[in-house]
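The values are calculated or read from the model by the stated rules, or taken from the named source; none is laboratory data. Values in this document were obtained by computation on a predicted structure and should not be read as measured data. Cβ: placed from backbone, ideal geometry, glycine included. Neighbour counts: every protein chain shown. Heads up: the accessible areas ignore ligands, DNA and RNA and are worked out on the full protein's heavy atoms, side chains in. Shrake-Rupley method; radii C 1.70, N 1.55, O 1.52, S 1.80 Å.
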Amino acid sequence: MEVKFTDAQNAFRAEVREWLAAHVPSERLPSFDTKAGFELHREWERTLAKDKWGNVSWPVEYGGRGLDLTHWLIIEEEYYRADAPLRVSQNGIFLLAPTIMEFGTDAQKARFLPAMASGDEIWAQAWSEPGAGSDMAAIRTKAVREGDEYVISGQKTWSSRAVYADWCFGLFRTEEGSERHKGLSKILVPLDSKGLTIRPIAQLDGDEGFAELFFDEVRVPVDNLLGPEHGGWGVAMATAGFERGLLLRSPARFQAAAARLVDLYKKNRDRVSSGIREQVLQAWMTAERFCAATYALVAQVGAGASISSEASANKIFWSEMDRHLHRTAMTILGARAELESGADAEDNGRWLDGYMFSLAGPIYAGTNEIQRNILAERVLGLPRK
Amino acid sequence: MDFRYTQDQQDLIDAAKAVFDGENTLERMRLIVANEKVDDLWPQFSELGLLGIMAPESVGGLEQDLSVMAGIAEAAGYVALPESLVELAGISVPLLNAMGETGKIKQVLAGDLAVGVLSPLLSNNNQAVHCDLFIRTTRDGGEPVSVPKVKFETRQSIDPLRGLSSATQPGEHNSFVEHHGAVLTAAQLVGLSKRMVDMSVEYAKERHQFGKPIGSFQAIKHHLATVHAQIEFTRPMVQLAALQSGRAVHTAKIAAVDTAMLAAETAIQVHGGMGYTYEVDLHLFMKRAWALCGEWGDRNYHMKQLEDLILDGEAELGPGTSFAA
């Protein structure tokens, strides 16, 4: 076991730190779930891409640096340390890109990855349907093949970033009469397609972070099929593994939040109860445990292991940590916790925003109840029925 | 940075686990509880080199670091090993080595000398009656104390597999010894937690109610999945603590305590009324977990250390501060 960074890794960290210090906007950008905020975040993606800091673990030919996941973790640490803008491209770069690299044709890789890396094309996801949430195999939206095109009809929902994004990746029923996990395909769809109506949904903070998508005979070329036709379930599960597993939430995000929580406690120590000390430490310790476990997982992946059902433990752990951490901040703030802005709103309402967003964590990317079923059945071996 | 065991390290841990699982069976533990005679495992430990895991190669040891010993301690915890192997090989031997007492290490490895440690963080000395010599810790080392000079008082633990004594001369704080003690205790708690989950899974597959195995009910599944997730995020923290000092160690011990207490409470709930009896073996692991939660710094001790470091100190926190440079 080696838990020291090499000289080269330390030098890399210094280089990242220097670049971020010179480029991170001095003021926090408005939420990317607003029109103006979205475009400012897209500009930030372009800035990242120009100096190739956006996707260091990608191959060089698609805009990356071909570095391993340890380097990605170092970047994440410096990124959150510098309080750099959140990644508006996260659906694409963390979820779709690994899937394209695994299942895509060379033409698809060349078509989609560089534009994703540059921020020119921002991706939304289109998996859930009104009748297919936790039970994703209940998907009904059809993609009927007609010659060189799929004709898509139906409805998707909870489509994150879809209000302002350029493309979506979705799971559609391509095989007539198929049921459950069979007969589904993963297809990439431009969000400005004819026949596609986007209805924004205001989320808990009032911003339009996701949308409903209504497909009325939307036509896309068959070249937009990702992976095998009718074999989309396996492709989607690979994406779900990335999402729950490693890439979506690196420890740095929570370690940064925990450090801010300690500062918040210190500022308020004279007026809070002593019991809050344990809660603050609990949040800090949990983030440290997540860090240790992630480095261990990265070492395993680096040695050739793959992430599957174990990823469910990750998702449970970080989402419940995030909720507890932000609830602790709300408790410290007391009567100021409800303030969205103004002089008395701590950090311009950031803790409130964070708390609201943390409530979504145990729901999105597969509810924590579904994750616990997966762990119980596939890892612990408890009977399905 | 490569936070995983090398193949050689993993092989060593697996070999020790195979010995523990094969020798310290539930049948053996039941016999010990019933005061029946069982085979002594110490000669086997000596022969297999387990006593010398952390001893220098120059005296015939394997010279492994504390992370490997933590892997072995987890395996010992998994079987609630009655023998105080972890204490001897993982705490006493490294202390003797730090003191330059290579002659005594050779005797330990040969199975001729059992050495205990007297530390202020160890209020209950396990298996003290078997020790021939004690080292009373000092701030930067230790001083040998012969058995007749140490006064012991026998104590009765709820764990029937621990033979406890309290010593009158506890020694001084010694960060080297306390690091080993806390990490290896935490590692045993991880093993105990895993065992209690595994026992509960087996029970939930066999026990039927409403015409189905109770393990098919989500109420049971979710309880056990919660503990499983906690274990998976405690083990790496303990392994990291083996290779760091200070706050990582306190965090690891607290996480291991919380995980083990949750595992024990969940396990008895899954076992239902049977868990509240001597009829199933769960209680042996639960009681060992309770016992180890308090050793080498209880939760209060480690929490106070963390309060000083994190809340009342000026330590650098946040991303990139978890690994010592």
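Pairs are defined by a Cβ separation below 7 Å, a sequence spacing of at least 6 or placement on different chains, a first member in segment A:340-352 that is open to solvent by 70 Å² or more (accessible area, probe 1.4 Å), and a second member that is of a type in the set (Gly, Ala, Ser) and at pLDDT 90 or above; the pairs so defined are A:Glu340/A:Gly349; A:Ser341/A:Gly349; A:Asn348/A:Ser341.
Residues that are of a type in the set (Asp, Glu) and assigned to a helix (DSSP H, G or I) within segment A:7-29 comprise A:Asp7, A:Glu15, A:Glu18, listed in sequence order. Scanning segment A:157-180 for residues that are aromatic (Phe, Trp, Tyr) and under 17 Å from the mean Cα position of the chain (by Cα) gives A:Trp158, A:Tyr164, A:Trp167, A:Phe169. Among the residues of segment B:67-95, those identified as over 9 Å from the mean Cα position of the chain (by Cα), in a helix (DSSP H, G or I) and within 18 Å of B:Asn125 (Cβ to Cβ) are B:Leu85, B:Leu88, B:Ala89, B:Gly90, B:Ile91, B:Ser92, B:Val93, B:Pro94, B:Leu95. One residue stands out among those in segment A:110-155 that are out of contact with any Phe, Trp or Tyr (no Cβ under 7 Å at 6 or more places or on another chain) and among the hydroxyl-bearing types (Ser, Thr, Tyr): the one that is surrounded by the fewest Cβ atoms within 10 Å (Cβ to Cβ), which is A:Ser134. Scanning segment B:105-121 for residues that are assigned to a helix (DSSP H, G or I) and out of contact with any strand residue (DSSP E or B) (no Cβ under 7 Å at 6 or more places or on another chain) yields a count of 4. Taken together, the residues in segment A:290-339 that are crowded, with 17+ Cβ neighbours inside 10 Å, among the acidic types (Asp, Glu) and either away from chain B (no Cβ under 11 Å) or under 27 Å from A:Glu278 (Cα atoms) (or both) amount to 2. Just one of the listed residues (B:Ala241, B:Ala186, B:Ala229) is assigned to a helix (DSSP H, G or I), closer than 17 Å to A:Met285 by Cα and more than 11 Å from chain A (Cβ to nearest Cβ), namely B:Ala186.
Any residue at all in segment B:164-171 that is in contact with a Pro (Cβ under 6 Å, 6 or more places away or on another chain) and either open to solvent by less than 10 Å² (accessible area, probe 1.4 Å) or more than 30 Å from B:His302 (Cα to Cα) (or both)? No: segment B:164-171 contains no residue that is in contact with a Pro (Cβ under 6 Å, 6 or more places away or on another chain) and either open to solvent by less than 10 Å² (accessible area, probe 1.4 Å) or more than 30 Å from B:His302 (Cα to Cα) (or both). Listed conditions (1) touching a residue at least 12 places away in the same chain (Cβ under 8 Å); (2) closer than 28 Å to A:Gln90 by Cβ; (3) more than 11 Å from chain B (Cβ to nearest Cβ) are all met by A:His230, apart from (2).
Being open to solvent by less than 70 Å² (accessible area, probe 1.4 Å) and modelled with pLDDT under 95 holds for only one residue in A:Val16, A:Val88, A:Val60, A:Val56, and it is A:Val56.
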